[in-house]
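J.: Below is one structure. I have some questions about it.
Derivation of every value follows stated rules applied to the coordinates shown; laboratory data play no part. What you see is a predicted model; the values in this text were computed from it and never measured. Don't worry about glycine lacking a Cβ; one is built from the backbone with ideal geometry, like all the others, and counts go over all protein chains shown.
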């Protein structure tokens, strides 16, 4: 079984950017109506009307730059930050008590590269700065994972591109099981992931194209393997679209991937996807400025 970090590492290597994608909402239109009109599916497990997950309420006061944001976006950013805190908390605690760690021993610090030291210091600072607001939140159960995916979906519907791409990438704990909670999480992801990809591409999101192509060209894990399994034809289509706006060195790696995938398609399939890529580019991307790829999901 592939390492759970393979798909994340590959996408980050491509360098995808974070931002926000907007699903337009008419005055008086409910979130449920907007979700349906966007091609995304709801079910008993989909959270749309709940504006702020209960586990994210009152985690901390709003920052000045967040007061104008939709509360669903703020809630997602809180939950995402606290999931990151939970992942690093014990490691940082061990660093502080280990007499040979770089925190307590200059000789160890001198052996680290400047980049590694910068990243390590940033991780310690993140844990220390978020301890007070995140310690009461324990996003390490299946129910907490469900809340995180639901919150990402709600934030995506509120206009957060990064939340949409985080949901598609599924970088958080996402093990698959037969019990009711795991089936619920699977339903949330599978019912909505294709719709988020389609909506992002229709909206001209360069990085959703990059993300979708990377995932479809890879044998993923967990939720991704179920919701967006390896599909040579779809991967070929997304990469052909990406090739129309890509620049070096991005373009070089895309060409190699396209040549590999082309061997799995029939000539008429290639022709159909080439035509789709050109039509989609003309419709949604031709008038948009190029944006260099950066990390897809801030986690």
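J.: With r as the distance between the Cβ atoms of residue 93 and residue 232 and R0 = 41 Å, compute the FRET efficiency 1/(1 + (r/R0)^6) and round to 0.05.
T.: Using R0 = 41 Å, I get an efficiency of 0.35.
J.: While we're here: Please state the relative contact order of region 81-134 as a whole percent: Cα pairs under 8 Å, 6+ residues apart?
T.: 45 percent
J.: Once both labels are modelled 7 Å past Cα along the beta-carbon direction, what's the residue 283-residue 126 spacing in nm?
T.: Inter-label distance under the simple model: 3.8 nm.
J.: Please compute the length gained on full extension between residue 179 and residue 114, using 0.36 nm multiplied by the number of residues separating them and subtracting their Cα-Cα distance.
T.: Gain in length upon complete extension: 18.8 nm.
J.: Same structure, new question: Starting from the Cα-Cα distance between residue 202 and residue 276, subtract it from 0.36 nm times their residue separation and give me the gain in nm to one decimal.
T.: 25.4 nm
J.: Taking 7 Å along the Cα-to-C-beta vector as the label spot, tell me the residue 256-residue 105 distance in nanometres, rounded to one decimal.
T.: 3.9 nm
J.: With the Cα gyration tensor of region 159-299 giving a ≥ b ≥ c as the square roots of its eigenvalues, does the rule (a/c under 1.5 for rounded; else a/b larger than b/c for prolate; else oblate) give rounded, prolate or oblate?
T.: Prolate shape, in that a/c is at least 1.5 and a/b is the bigger ratio.
J.: Still on this structure, please answer the following. Taking N as the number of residues in region 151-238, what is its alpha-carbon radius of gyration divided by 2.2 N^0.38 Å?
T.: In units of the globular-protein estimate, region 151-238 measures up at 1.04.
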